[in-house]
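Notes for the one structure printed next.
The values are calculated or read from the model by the stated rules, or taken from the named source; none is laboratory data. All figures in this text were calculated on a predicted structure; none of them were measured in a lab. Cβ: placed from backbone, ideal geometry, glycine included. Neighbour counts: every protein chain shown.
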Amino acid sequence: MRTRISTLTATGTQPHQRHLFHGSGAVSFSTKGEYGVRLMVQLGRHFGAGPASLAEIAAEEDLPRAYLEQLVMSLRDAGLVTSTRGARGGYQLARPPEETKIVDVLRALEGPIAPMVCASEDPEHGLQCDRTSSCTVNLLWVRIRDAISGALDSMTLADLVPTRAVLLARAAQAVPAQALTAAPATAMALPTATPGTGALTRS
């Protein structure tokens with residue numbers, strides 16, 4: 001949602017509204033990238049357990065199944081997922097989560113990382129701007145591109161998928177507190193001397 005600043009004239013009327021920013025936002029990804037990463041995270045959680053159904057993932061993430069079917073085709077063409085047909089078919093990661101880079105996922109879904117067309121990872125995109133050869137502002141966009149690419153390249157799907165230890169810890173927290181509380185130990189009876197006899201008895 002865009003935030004707007006309103007100005008009032010002396011008569012109290014509202015002549016115009018001014019956006020705080022133009023466009024869809026600075027260096028933003030589309031729903032292709034957002035939904036695609038969420039899809040891959042779900043496949044990461046299922047890794048090692050066989051193919052996962054898109055219908056189940058769509059229900060889990062509250063996403064349209066038809067849209068996921070389009071996205072998973074791009075991911076499959078990029079070699080990031082594999083498909084299995086049949087009653088128990090579905091999709092699974094082509095590589096372990098720790099070997100699946102987020103930058104590869106977003107490139108497969110969004111295309112080259114490009115804050116501006118003149119700073120695209122695809123060198124041919126730079127030819128679309130007739131000022132590329134003489135523009136000094138291009139340095140800014142290139143540095144932004146490299147910073148984004150570097151951040152994405154440093155992360156893998158494993159960074160977004162809870163490990164088994166985390167899942168077990170969460171499950172333990174869900175157990176009622178009384179089940180985790182140990183039963184109190186029985187007090188040990190101490191020997192005492194019977195008056196007048198010197199014999200020891202236990203209380």
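One residue alone among LEU152, LEU167, LEU109, LEU140 is assigned to a helix (DSSP H, G or I), modelled with pLDDT under 85 and either surrounded by fewer than 14 Cβ atoms within 10 Å (Cβ to Cβ) or not β-branched (Val, Ile, Thr) (or both), and that residue is LEU167. For the range 112-137, filtered to residues that are over 22 Å from the mean Cα position of the chain (by Cα), β-branched (Val, Ile, Thr) and assigned to a loop (DSSP other than H, G, I, E, B), the residue that is modelled with the lowest pLDDT is THR132.
Each row is one residue, and each column tells you yes or no for (1) modelled with pLDDT of 90 or more; (2) under 16 Å from LEU160 (Cα atoms); (3) β-branched (Val, Ile, Thr).
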{"residue": "ILE5", "(1), (2), (3)": "no, no, yes"}
{"residue": "GLN17", "(1), (2), (3)": "no, no, no"}
{"residue": "SER53", "(1), (2), (3)": "yes, no, no"}
{"residue": "LEU71", "(1), (2), (3)": "yes, no, no"}
{"residue": "SER74", "(1), (2), (3)": "yes, no, no"}
{"residue": "ALA87", "(1), (2), (3)": "no, no, no"}
{"residue": "THR100", "(1), (2), (3)": "yes, yes, yes"}
